[in-house]
Amino acid sequence: MKIVLRKVVAALCVSLALTLSAASLCPAASAKKLENKEHKSKDFKAQDFADAQRLFDQYKKYDLSNDMKLVELYAPDATIELGVERERGDVRWQKLNRDSFAKEVATSFKDEHLNSLKNEETFATPSFKEAKHPVNSKPAIEVVFHGTAGHASIKVSWLLQPGADGHMLIVSERSVTYSKHKSKFHGSCK
């Protein structure tokens, strides 16, 4: 979460302006609930969804502890799209590959202001469902979650696919950071 918000600070340094405020979060289905259900999928098993939950938990741990291992959760060819909703309502997008993302992460982990928000960070329970990757058309697990830190709210969507070792990796991330007055348009609840 913090890393995603840190990415926003980096984007703001590129002259993006946004008034940010906190928002409420809606809990979604957890991977444990998914584990207990029978999966009728030919592509993924309950273990794959449990692996997706572990990846989310690891991401959260690395993010909260400023650990650069966070970057290792992304596939080498991952695509990352970061959006910041501006006051006038449009979204300013920044596209990164894993290497440029790693540089943003390193910079953001050194940001004192973002570190001061650490105790205010919240992650909503993620939702998991099957999807297809729009580029390679292979099966993927879509993970969607919301979070807040300080005055920022964010919606994050990942596509996960198994890496060479069989464990899930983030192959695609799309996130939008927005202000509280816009939060009703992004799926959070009051």
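The values are calculated or read from the model by the stated rules, or taken from the named source; none is laboratory data. From a predicted model like this one, the values you see are computed outputs, not experimental measurements. Positions of Cβ are backbone-derived with ideal geometry, glycine not excepted, and every protein chain shown enters the neighbour counts. When the accessible area is computed, the model is the full protein with side chains, heavy atoms only, and any ligands, DNA or RNA have been set aside. Shrake-Rupley method; radii C 1.70, N 1.55, O 1.52, S 1.80 Å.
Being within 13 Å of the chain's Cα centre (by Cα), of a type in the set (A, V, I, L, M) and open to solvent by less than 20 Å² (accessible area, probe 1.4 Å) is the filter here; which residues of segment 150-163 pass it? Write out each step before concluding.
Residues of segment 150-163 within 13 Å of the chain's Cα centre (by Cα): 153-160.
From what is left, the residues that are of a type in the set (A, V, I, L, M) are 154, 156, 159-160.
Scanning segment 150-163 gives 154, 156, 160.
Take the residues in segment 104-119 that are assigned to a helix (DSSP H, G or I) and touching a strand residue (DSSP E or B) at 6+ places or on another chain (Cβ under 9 Å), then tell me which one is modelled with the lowest pLDDT. Only one residue fits best here, namely 118.
Can you tell me how many residues in segment 55-65 are more than 24 Å from residue 134 (Cα to Cα) and touching a residue at least 60 places away in the same chain (Cβ under 8 Å)?
Of segment 55-65, the ones more than 24 Å from residue 134 (Cα to Cα) are 57-58, 60-65.
Right, trim to touching a residue at least 60 places away in the same chain (Cβ under 8 Å) and you get 60, 63-64.
Adding up the residues that qualify gives 3.
If the condition is being part of a helix (DSSP H, G or I) and closer than 17 Å to residue 164 by Cβ, then segment 53-78 contributes 55, 71, 72, 73. Please find, within segment 125-159, the residue that is nearest to residue 47 (Cα to Cα) out of those that are modelled with pLDDT under 85 and of a type in the set (A, V, I, L, M, F, W, C). Filtering first and then ranking leaves 149.
At pLDDT 50 or above and on the phi > 0 side of the Ramachandran plot: does that describe residue 89? Reasoning before the result, please.
Details: at pLDDT 50 or above: yes; on the phi > 0 side of the Ramachandran plot: yes.
Criteria met by residue 89.
Within the set 122, 79, the sole residue that is of a type in the set (Val, Ile, Thr) and modelled with pLDDT of 95 or more turns out to be 79. For segment 100-113, the criterion of a residue being within 16 Å of the chain's Cα centre (by Cα), under 19 Å from residue 157 (Cα atoms), open to solvent by 70 Å² or more (accessible area, probe 1.4 Å) and aromatic (Phe, Trp, Tyr) is satisfied by no position.
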